[in-house]
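> Following this message is one structure expressed as structure tokens.
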Amino acid sequence: MAERITGHTELIGLMAYPIRHSSSPAIHNEAFAYLGLDYAYLAFEVDNDTLEDAIKGLRAMKMPGANLSMPNKAAVLPYLDKLSPAAELCGAVNTIVNEDGVLTGHITDGIGYMEALKDNDIDVIGKKMTIVGSGGAATAIQVQAALDGVAEISIFNMKDKFWDNAQATVDKIAERTNCKVSLHDLADMNKLKSEIEESYLFTNATGMGMKPMEGQTYIPDISYFRPELIVTDVIYSPTETKMLKMAKEAGCKTMNGMGMLLFQGAAAFKLWTGKEMPIEHMKEVLNIKYD
């Protein structure tokens, strides 16, 4: 890294909290070095209270852009100048592009998730999936899955501050796609079990299972899973959550969030640099292997 830094090196940041566990700096800096691009990518602990100042700093320092993760994906919207169509539909942003002081918000999470499924030979198109969550990543996955042709999506969420967002997502998907979509209370475990039983794929798109909730899961026991079910998690640290361990014990094919991280990062990488991320090289470096 030190040998690459010059007076012309441009800074790209990741703004989230907590974020020190992130693999994004390693991914992007390796890709920059591999392609000989004069950029550096760093992680910054930024939460909702400091987000506005951080975005002002991005603009003032003429940074090419940034990534955002929890809890900033929706909170950043008032501080941006424009949104991509997908980001507007999702109501969330994970990538900012700075073009001469004009900040445009994009969302690449859904693209990353769907590309990771394809890369792992998982074909959910025309089938049913059940998903837990209604935050930024969850919404992006739901919207992209519907746009790509998933036949049915069953969404579960607690009746908390994100419930209205979940209902809004259901309404948008129903209005703008041919996907059948429904919203259910996560407290109704019998309903969750029955929806999973009817699904080709189940995914956790929440922070449950990562710090500070490591070792926790919404799934009570392995009876919720069957060998034919595919179980995925957006979490990549730890690499195997309690939920994925349970799924493996039940005989399921599983996938953690590392592939999604790589492919959503590749989409952001191209937005900032105009270059394709060297995917196969990065998979080798990151030791991304599928079950």
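> Within the range 2-52, work out how many residues are of a type in the set (A, V, I, L, M), open to solvent by 20 Å² or more (accessible area, probe 1.4 Å) and more than 18 Å from PHE269 (Cα to Cα).
The number of residues fulfilling the criteria is 2.
Residue by residue, here is whether (1) out of contact with any helix residue (DSSP H, G or I) (no Cβ under 8 Å at 6 or more places or on another chain); (2) small (Gly, Ala, Ser); (3) under 24 Å from LYS283 (Cβ atoms) holds:
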| residue | (1), (2), (3) |
| --- | --- |
| ARG20 | yes, no, yes |
| GLU30 | no, no, yes |
| VAL76 | no, no, no |
| LEU83 | no, no, no |
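> For the range 70-123, enumerate the residues that are closer than 24 Å to ALA168 by Cβ, surrounded by fewer than 21 Cβ atoms within 10 Å (Cβ to Cβ), without any contact (Cβ under 8 Å) to a residue 60 or more places away in the chain and of a type in the set (Gly, Ala, Ser).
Listed by number, the residues that qualify are ALA75, SER84, ALA86.
> Scanning the range 130-147 for residues that are assigned to a loop (DSSP other than H, G, I, E, B) and out of contact with any Pro (no Cβ under 9 Å at 6 or more places or on another chain), which turns out surrounded by the most Cβ atoms within 10 Å (Cβ to Cβ)? Spell out the reasoning first.
From the range 130-147, those assigned to a loop (DSSP other than H, G, I, E, B) are 133-135; that's our starting set.
Remaining after also requiring out of contact with any Pro (no Cβ under 9 Å at 6 or more places or on another chain): 133-134.
Numbers: GLY133: 25, SER134: 28.
Only one residue fits best here, namely SER134.
> Report yes if SER194 is surrounded by fewer than 16 Cβ atoms within 10 Å (Cβ to Cβ), closer than 24 Å to LYS159 by Cβ and in contact with a helix residue (DSSP H, G or I) (Cβ under 9 Å, 6 or more places away or on another chain), otherwise no.
On the way: surrounded by fewer than 16 Cβ atoms within 10 Å (Cβ to Cβ): yes; closer than 24 Å to LYS159 by Cβ: yes; in contact with a helix residue (DSSP H, G or I) (Cβ under 9 Å, 6 or more places away or on another chain): no.
No, not satisfied.
> Does THR203 fit the bill of being buried (at least 20 other Cβ atoms within 10 Å of the Cβ), at pLDDT 95 or above, of a type in the set (S, T, N, Q) and under 21 Å from ALA86 (Cβ atoms)?
Answer is yes for this residue.
> Same structure, new question: Collect the residues in the range 15-32 that are at pLDDT below 95, touching an Asp or Glu at 6+ places or on another chain (Cβ under 9 Å) and of a type in the set (A, V, I, L, M), keeping them in residue-number order.
Matches in the range 15-32: ILE19 only.
> Limited to the range 243-286, what total is found for residues that are assigned to a loop (DSSP other than H, G, I, E, B) and closer than 27 Å to GLY135 by Cα? Steps first, please.
The initial filter retains those residues of the range 243-286 that are assigned to a loop (DSSP other than H, G, I, E, B), namely 250-252, 256-257, 274-278.
Still in the running and closer than 27 Å to GLY135 by Cα: 252, 256-257, 277.
Qualifying residue count for the region: 4.
> Follow-up question, since we're still on this one. Looking at (1) buried (at least 18 other Cβ atoms within 10 Å of the Cβ); (2) part of a loop (DSSP other than H, G, I, E, B); (3) among the charged types (D, E, K, R), find the lone condition where GLU240 falls short.
If we test GLU240 against (1) buried (at least 18 other Cβ atoms within 10 Å of the Cβ); (2) part of a loop (DSSP other than H, G, I, E, B); (3) among the charged types (D, E, K, R), just (1) comes out false.
> Looking at the range 55-66 only, could you name the residues that are surrounded by fewer than 19 Cβ atoms within 10 Å (Cβ to Cβ) and more than 16 Å from THR273 (Cβ to Cβ)?
Within the range 55-66, LYS56, GLY57, ARG59, ALA60, MET61 qualify.
The values are calculated or read from the model by the stated rules, or taken from the named source; none is laboratory data. Note that the structure is predicted; figures quoted are calculated from it, not measured. For neighbour counting, all protein chains shown are included, and Cβ atoms are generated from backbone atoms with ideal geometry for every residue, glycine included. The accessibility values were calculated without ligands, DNA or RNA, using every heavy atom of the protein model including side chains. Shrake-Rupley method; radii C 1.70, N 1.55, O 1.52, S 1.80 Å.
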